[in-house]
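First comes the structure, then the notes that go with it.
The values are calculated or read from the model by the stated rules, or taken from the named source; none is laboratory data. All figures in this text were calculated on a predicted structure; none of them were measured in a lab. Virtual Cβ from ideal backbone geometry, glycine too; neighbours counted across all protein chains shown. Just the protein is used for accessible areas: all its heavy atoms, side chains included, with ligands, DNA and RNA removed. Shrake-Rupley method; radii C 1.70, N 1.55, O 1.52, S 1.80 Å.
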Amino acid sequence: MKRENRSLKLKAPRGTRDLLPEDMYLLRYIEDKLRGVFERFGYAEVQTPIFELFELFALRSGDEIRNSMFVFETGEGEMALRPELTAPICRLVAEGKIDVMTKPIKLYYIGRAFRYEEPQAGRYREFWQAGIELIGPRHPEADAEVVSLACISLEELDLKYNLELGDVAVLRGYMTSKGVDYEVQNKVLSALDHLRSRLRKLEVYSELLLKENDAHLLSEVKRFLYPIELRKRRLRAKVEENIPKELIERLEPDSRIYKLEELRVDEVREILKRNTEDLKLMEIISWCYEGLRTSMGTLKLPPDVGFKLLEALKLKSIRAHEVLEDAKEVFKESEEALREIERLNELIEYLDDLNVKGYVLDLGLARGLEYYTGIVFEIHVMGLGAQSQVCGGGRYDRLIAEFGGPDIPSVGFAFGLDRLMLALKMKEIYPKPSVPMVYVAPISDDLRGAALKIAAMLRNAGIACEVELMRRRIRRALSFANKRGFPFVILIAPREYQSGSVIIKDMMRGTQELVSIKDVTDYLRSRK
Ligand code: HAM
């Protein structure tokens with residue numbers, strides 16, 4: 001090997017983290033809490049492989065999912081590191097490994113997932129998920145129980161959260177009644193999810209601008225607005241034959257976005273507002289006139305359907321019953337949608353029974369994953385920045401059957417454990433690893449064997465202890481014990497040891513006592 005290579009700095013790959021002892025302690029703490037809650041609801045743990053056949057994930061999401069995953073070729077086909085665990089669980093059930101005659105099947109998992117995404121604070125390429133899947137029931141009380149389980153888990157961790165609840169069945173019901181194919185529905189729902197997160201970003205920028213108007217923020221806003229502006233200009237420049245002129249003309253390019261720093265805050269905010277409307281309009285143009293790419297080719301959505309779906313983005317409030325009343329009005333011509341709204345009404349009653357309150361019902365909520373067929377929900381913890389979503393879930397009634405298994409409806413969710421760790425660390429009252437109770441230090445080198453013997457005796461009795469292994473002199477050994485925070489130090493001194501005793505120092509009180517070796521364990525137990 002050449003010298004230069006040796007001096008290469010090795011580091012962990014981008015988007016991955018080394019979990020240090022404090023991190024692992026916190027991770028295990030969270031896992032234990034979640035396990036406790038999951039098991040209280042009757043869920044049993046399973047483990048599936050870290051990698052799967054790539055096909056498993058491509059089947060529902062299309063080959064383009066390849067770009068956001070770690071895919072590798074093997075002699076036995078293409079494999080992928082799992083980006084989530086719901087598809088593997090459904091594969092397991094579809095394979096017939098679980099008795100599906102005895103329903104419901106309640107499974108939980110804790111494991112790593114991998115996504116080839118652009119890393120940022122709280123978004124990693126390797127991360128941990130803990131989730132549950134309730135397989136069997138199709139009724140709203142099951143949905144309600146799953147949502148409440150997610151909430152109780154966060155309460156168990158003492159975290160404050162915001163729950164956002166939606167239901168893609170209403171939008172799907174409406175689209176079905178308008179003859180929109182299921183595959184196109186999937187594409188629309190993921191496009192809607194993408195749009196929603198971009199609209200949210202504009203909202204956040206607007207809020208931030210009130211507090212700070214710094215150059216860094218403005219350049220971020222500019223970067224966000226550029227592609228929107230470019231697209232507007234492109235659409236205006238070549239009025240496509242099939243796109244109504246009056247739609248395109250509503251998109252007015254605005255060169256002020258190139259010099260935001262010269263504008264007043266209210267002007268920048270007005271530009272953001274304007275772009276919010278333009279972004280929605282461009283989305284309609286994209287769905288209805290340019291078409292959505294599906295496995296059956298490029299398919300277009302009828303414009304009236306497109307505009308109606310955008311109306312759904314406004315169906316959002318903490319007053320769930322009002323949202324449902326408004327939804328009935330918006331979707332009044334679709335019996336399918338109205339039926340789903342009725343079911344949602346029932347769900348809301350059950351949530352009330354379970355004391356799930358203060359959530360936002362948002363009928364424009366369509367999560368990115370394409371398998372959802374009914375309720376969808378996301379839970380956010382404030383203070384985590386852009387990646388505040390600690391939990392995501394929903395109902396997916398077709399996935400197991402799509403994998404060749406029986407036709408069993410299911411619902412579930414997954415927590416992102418890395419984000420829960422960040423949330424607990426933010427509160428600054430997170431558990432840290434405890435130091436063993438005792439540190440055993442010999443006063444002279446010939447007593448090192450005696451120290452090992454005493455330590456072995458304590459460990460046998462279930463008392464955690466460490467022995468001085470660096471051959472430090474006693475003063476330095478004591479200062480180390482003090483720094484590490486051991487509550488007790490056992491000093492082994494020649495004369496005392498000869499007569500069957502050791503010195504036990506209480507590091508907190510600063511006292512010490514001579515204790516007979518046969519009484520040491522009882523003495524320490526009484527001080528625990
Ligand atoms: P998801 O929303 O994609 O849903 O992921 C669940 C959670 O994993 C997110 O809320 C987030 O906390 C965490 N997460 C996702 N991506 C990352 C990342 N790159 N870095 C750190 N954390 C991340 C699912 O995965 C579904 N399988 C949930 C589900 C279960 N639906 C039904 N059953």
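Residue count for region 124-140, restricted to those that are more than 20 Å from Leu154 (Cα to Cα) and either within 9 Å of the ligand (Cβ to nearest atom) or not β-branched (Val, Ile, Thr) (or both): 8. Restricting attention to region 167-209 and to residues that are in a helix (DSSP H, G or I) and of a type in the set (Val, Ile, Thr), the residue that is farthest from the chain's Cα centre (by Cα) turns out to be Thr176. Taken as a whole, the condition of being away from the ligand (no atom under 16 Å from the Cβ), in contact (Cβ under 8 Å) with a residue 24 or more places away in the chain, in contact with a helix residue (DSSP H, G or I) (Cβ under 9 Å, 6 or more places away or on another chain) and within 23 Å of Ala121 (Cβ to Cβ) applies to Tyr430.
Test Gly77 against the criterion of being on the phi > 0 side of the Ramachandran plot and touching a residue at least 40 places away in the same chain (Cβ under 8 Å), and give yes or no. I'd like the intermediate steps shown before the answer.
Values: on the phi > 0 side of the Ramachandran plot: yes; touching a residue at least 40 places away in the same chain (Cβ under 8 Å): no.
The answer is no for Gly77.
Please find, within region 376-412, the residue that is nearest to Glu52 (Cα to Cα) out of those that are part of a loop (DSSP other than H, G, I, E, B) and among the polar types (S, T, N, Q).
Top of the filtered list is Gln387.
Just one of the listed residues (Gly405, Gly358, Gly385) is farther than 20 Å from Ile132 by Cβ and over 14 Å from the mean Cα position of the chain (by Cα), namely Gly358. In region 99-109, the residue that is nearest to the ligand (Cβ to nearest atom) out of those that are open to solvent by 20 Å² or more (accessible area, probe 1.4 Å) and not polar (S, T, N, Q) is Lys106.
Using the structure shown, decide if Gly291 is more than 28 Å from the chain's Cα centre (by Cα), surrounded by 13 or more Cβ atoms within 10 Å (Cβ to Cβ) and free of Cβ contacts under 8 Å to residues at least 40 places away in the same chain.
yes
Given the residues Lys314, Lys273, which is the only one that is assigned to a loop (DSSP other than H, G, I, E, B) and surrounded by fewer than 19 Cβ atoms within 10 Å (Cβ to Cβ)? Answer to the selection: Lys314. Of all residues in region 365-391, those being crowded, with 22+ Cβ neighbours inside 10 Å and either on the phi > 0 side of the Ramachandran plot or of a type in the set (Gly, Ala, Ser) (or both) number 2. Residues that are in contact with a strand residue (DSSP E or B) (Cβ under 7 Å, 6 or more places away or on another chain) and modelled with pLDDT of 95 or more number at least 3 in the following helices (runs of 4 or more DSSP H) confined to region 420-528: 448-460, 474-484, 520-527. Among the residues of region 125-166, those that are under 14 Å from Val381 (Cα atoms), open to solvent by less than 40 Å² (accessible area, probe 1.4 Å) and outside any strand (DSSP E or B) comprise Ala150, Cys151, Ser153, Leu154, Leu157, Leu159. Does Lys259 satisfy the condition of being exposed (fewer than 13 other Cβ atoms within 10 Å of the Cβ) and modelled with pLDDT under 85? No: the conditions fail for Lys259. Of all residue pairs spaced 6 or more apart or on separate chains, those with beta-carbon atoms under 6 Å, a first member in region 463-488 that is open to solvent by 70 Å² or more (accessible area, probe 1.4 Å) and a second member that is part of a loop (DSSP other than H, G, I, E, B) are Arg484/Val435. Checked against (1) more than 15 Å from the ligand (Cβ to nearest atom); (2) small (Gly, Ala, Ser); (3) more than 22 Å from Ala401 (Cα to Cα); (4) touching a residue at least 24 places away in the same chain (Cβ under 8 Å), Gly96 passes all but a single condition, namely (3).
Quick test for you: out of Arg66, Arg112, pick the one residue that is open to solvent by 20 Å² or more (accessible area, probe 1.4 Å), part of a helix (DSSP H, G or I), on the phi < 0 side of the Ramachandran plot and among the basic types (Lys, Arg).
Only one candidate qualifies: Arg66.
Across region 48-69, a minimum of one residue is classified as over 24 Å from Asp418 (Cβ atoms) and among the aromatic types (Phe, Trp, Tyr).
Just so you know, in region 362-375 the residues that are among the charged types (D, E, K, R) and part of a loop (DSSP other than H, G, I, E, B) include one that is nearest to the ligand (Cβ to nearest atom), and it is Arg367.
If you go through region 319-361 and keep only what is outside any helix (DSSP H, G or I) and more than 11 Å from Val170 (Cα to Cα), you end up with Arg319, Lys332, Glu333, Leu354, Asn355, Val356, Lys357, Gly358, Tyr359, Val360, Leu361.
Scanning region 75-97 for residues that are out of contact with any Phe, Trp or Tyr (no Cβ under 9 Å at 6 or more places or on another chain) and surrounded by fewer than 17 Cβ atoms within 10 Å (Cβ to Cβ) turns up Gly75, Glu76, Gly96, Lys97. Could you tell me how many of the residues in region 236-256 are touching a Phe, Trp or Tyr at 6+ places or on another chain (Cβ under 7 Å) and open to solvent by 50 Å² or more (accessible area, probe 1.4 Å)? Matching residues across region 236-256 total 2.
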